[in-house]
1. Tally the residues that are surrounded by 14 or more Cβ atoms within 10 Å (Cβ to Cβ), at pLDDT 85 or above and not polar (S, T, N, Q), restricting the search to the stretch 580-606.
2. If I go through the stretch 135-162 residue by residue, how many of them are of a type in the set (S, T, N, Q) and either surrounded by 23 or more Cβ atoms within 10 Å (Cβ to Cβ) or at positive phi (or both)?
3. Within the stretch 610-618, is even one residue closer than 18 Å to Glu541 by Cβ, in a loop (DSSP other than H, G, I, E, B) and at pLDDT below 80?
4. Out of the stretch 428-457, which residues are of a type outside the set (A, V, I, L, M) and modelled with pLDDT of 85 or more?
5. Collect the residues in the stretch 355-398 that are of a type outside the set (Gly, Ala, Ser) and free of Cβ contacts under 8 Å to residues at least 40 places away in the same chain, keeping them in residue-number order.
6. Would you confirm whether any residue within the stretch 163-179 is touching a His at 6+ places or on another chain (Cβ under 9 Å), part of a helix (DSSP H, G or I) and crowded, with 23+ Cβ neighbours inside 10 Å?
7. Please specify each residue of the stretch 541-567 satisfying the condition of being touching a helix residue (DSSP H, G or I) at 6+ places or on another chain (Cβ under 7 Å) and among the aliphatic types (A, V, I, L, M).
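The values are calculated or read from the model by the stated rules, or taken from the named source; none is laboratory data. A quick note: this is a predicted structure, and the numbers were derived from the prediction, not measured. Virtual Cβ from ideal backbone geometry, glycine too; neighbours counted across all protein chains shown.
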Amino acid sequence: MENNVGLSGRKKAVALFKWSLRKNLPFSIAYWILLFLSFPMIEIFAMIVCGTQQNLGMESYIKDMKEVCEYLPAIFFVAFAIIFSIIMAIMSFSYMHNKRSVDLFGSYPISRRTLFFVRYFSTLVLCIVPMIIIGSVGAILGLSDVALIESFKVIGILTITIIGNVSFIAMISLCCGTVADVLISYVVISAIYPICVLIGVLFPQSVIPGLAVSEIPSTILTFLSPAASFYTCKFGSGSGLGIAWWICLSVVLMAASFVLCKQRKAESAQNAFAFSIVEIIIKFFTCFATGFGVGYMCSFLGDDSCKAQYIWFVVGTVIAVMTANLLLHLVFHRGLSKFKSSLMECGVVFVCIMAFLLITTSGGLGYLQRVPDKEDVQKVNIVQGNTQSFVIDGKDVLASYTDDANIISDVCEVHKLITNSLDKHHGFLPIKSRYGGSDQESISIKYVLKNGKTISRKYDGYYIARNTKDIMKKMSDITSTKYYSQVKHPFYIIPYKYITDMQISKYVVNGDADEEEIYGDDYAVKAGQVTDEVDYLSKPENKELINSFVEALKKDVEANGMYIPKSYEKIWGISVTYRISSDDGYDAGGYAGGLIYIPEAYTNTMKILEDKGYLNDAYNFVSECETYTYNEKGKYLSGKKIYFTLPEGWDKNKEVQCVAVGDDETMLTEIDNTLTKCKKVSDTVWMYEIPDDDKYTQLYKEENDEDFVTKGVVFYQIGKKDMNISGLITLPEKHDGQQVTLGKQLKKEYENFFSNMYEYNWTKFNK
């Protein structure tokens with residue numbers, strides 16, 4: 001660096017700034033190249049590929065960039081920028097960690113603050129300017145306003161992240177005496193802080209029954225992790241909070257650096273720490289996380305004894321805190337000098353851990369036992385089992401409340417029954433988390449008080465199971481209300497247009513379940529098992545059928561209430577699925593479903609089941625068969641017609657259907673659609689035309705690795721409670737235009753219609 005003795009203070013700073021830029025020029029060139037290769041170059045390559053492929057073109061490229069530009073720069077482009085900012089910041093401030101460098105720069109006629117902040121701003125310029133220029137080029141190459149906006153969002157958040165990262169490292173560099181300590185401090189603080197946050201959130205939820213903590217914004221986990229903060233601010237929750245935090249923290253860190261850089265002594269170089277604040281922070285976070293984590297794991301040695309759990313927790317915590325502190329002291333001080341002072345640090349950490357433990361296990365300062373008076377409640381929401389949400393136009397339509405005084409009173413009583421059943425040991429909850437009971441037994445309660453405050457609780461199956469009989473009897477009063485039906489089953493609230501499919505199944509209640517102990521509306525989910533998945537309706541042509549089922553269910557539930565199956569009972573069930581569709585698939589925030597059990601009293605729903613043949617066991621068996629259509633020349637051709645003469649006993653006025661069967665006894669076509677329907681030719685003769693359905697052409701071969709070869713056909717008529725079925729009729733070699741006539745009935749067995757049930761013969765059809 002040239003001699004600048006005769007220059008003014010400002011000119012000296014400018015000269016030092018330029019020298020810093022020139023000194024790091026080789027690294028800067030490499031950085032420019034990496035940034036270009038990681039974003040604009042990928043876009044150029046994509047342009048070339050789209051331009052050379054006739055079926056793509058630039059329209060395809062622009063469409064892809066609209067979707068890709070939110071993520072593409074966040075992969076390598078952002079990673080290179082963050083890594084480079086870490087390396088450059090450590091290099092820029094490394095002069096403070098070498099005695100010869102400190103003496104050399106101290107001899108120049110420039111203040112410590114000027115030297116520090118010139119290094120700081122030169123590092124920012126080296127990191128940010130190339131990123132903005134290259135990023136802007138990439139944004140423009142996106143060739144759309146969407147790509148431009150998304151790319152500049154990345155650039156903006158990344159700029160804030162880099163400033164925070166450099167400020168973070170600058171502050172640590174001021175406090176540390178060696179480069180190694182800077183690296184250790186940076187990594188430890190970044191990694192340990194989120195662990196401490198998770199302990200503070202997850203442990204109370206596992207210990208305090210009913211604690212319903214809202215999901216913490218992901219940005220909070222990276223408040224002291226600058227390298228990861230970009231991804232939480234860009235893709236995580238609470239991005240606005242994260243951006244505001246790093247702007248404010250950068251200002252605070254620079255203000256602190258302004259004060260400390262003048263107070264830092266030159267002899268601090270190559271020593272442990274110039275200022276102990278960083279060492280204290282690192283030791284506290286590390287010892288807290290280690291001590292609490294080891295103590296918690298040791299508490300499990302106490303099994304179900306609450307006293308033993310606390311004893312083991314204390315033993316594990318003491319050992320872990322002392323060990324962690326000792327190891328950190330050895331690393332930072334390269335020996336045991338001044339270790340006695342660390343004993344006080346251990347004591348402070350231990351006191352903090354025990355205070356946090358006791359506050360949590362005593363019930364969270366009154367949180368555990370708080371049940372609002374019914375007179376103070378304005379409205380309430382209660383759900384047994386899994387809670388659902390379905391957001392339409394920014395509003396969760398399933399988050400329904402009621403102001404019914406009777407329901408409010410019942411909910412408060414249920415809440416008191418749960419809290420009174422909680423087990424404590426001398427006023428303290430067990431440390432070991434309680435698990436047990438199904439999620440379907442859980443109860444979620446939300447109050448809105450008259451003063452505007454809200455109270456939320458969620459009790460899992462273990463706590464409900466401890467007092468199941470009393471709680472569930474009271475819950476039965478709530479679940480029988482029309483309000484609860486609307487809360488539990490989305491078909492009351494969500495419009496039909498969001499229905500995507502419906503599943504019709506047959507259940508049997510497990511006889512091993514104790515009916516006396518289970519009263520919730522999810523009884524059959526806990527105590528039942530699916531025996532038959534009869535039909536899965538998801539095609540557009542089933543929309544009308546699905547809507548008719550939902551209307552019938554509404555009427556039946558309103559008239560009869562929710563039905564709870566009994567032990568050993570066979571019962572039908574209908575589940576409806578709702579999703580909000582988008583251009584790129586289903587919206588994860590728009591999904592809901594409901595399951596309804598259908599007793600005989602649900603006359604409207606049962607009528608539809610009967611009319612559609614679902615109550616017919618033979619039909620159910622046919623519908624369960626694997627079904628494919630295969631259309632390969634020489635194997636199964638469209639246009640071939642088979643004529644069928646109705647035998648005695650069949651209904652000449654009722655529709656006839658037909659399915660084809662392969663060599664492996666696989667049904668060819670799907671039940672109850674246009675591919676199975678026959679055409680009436682006369683009073684006693686029906687015609688089936690072999691379908692030509694290309695959408696199934698490859699399915700069979702892909703799944704079975706072989707061609708479908710037609711073996712025969714099965715004709716049938718579906719009744720409400722019975723079924724006429726021909727059994728397997730083997731096709732002659734030349735069957736186009738042939739007529740099959742059934743003779744004497746040999747047997748009638750629905751479960752084996754791949755065998756001959758009638759005598760039959762083939763003749764030429766005569767019109």
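1. 6
2. 2
3. Yes, some residue in the stretch 610-618 is closer than 18 Å to Glu541 by Cβ, in a loop (DSSP other than H, G, I, E, B) and at pLDDT below 80.
4. Answer for the stretch 428-457, where residues must be of a type outside the set (A, V, I, L, M) and modelled with pLDDT of 85 or more: Ser444, Lys446, Tyr447, Lys450, Asn451, Gly452, Lys453, Thr454, Ser456, Arg457.
5. Ile359, Leu365, Asp373, Lys374, Glu375, Asp393, Lys395, Asp396
6. Yes, the stretch 163-179 has at least one match.
7. Val550, Ala552, Leu553, Val557, Met562, Ile564
Yes/no per residue for (1) loosely packed, with under 14 Cβ neighbours inside 10 Å; (2) assigned to a helix (DSSP H, G or I):
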site	(1), (2)
Leu368	no, no
Glu375	yes, yes
Ile382	no, no
Ala399	no, no
Ile408	no, yes
His415	no, yes
Thr419	no, yes
Lys432	no, no
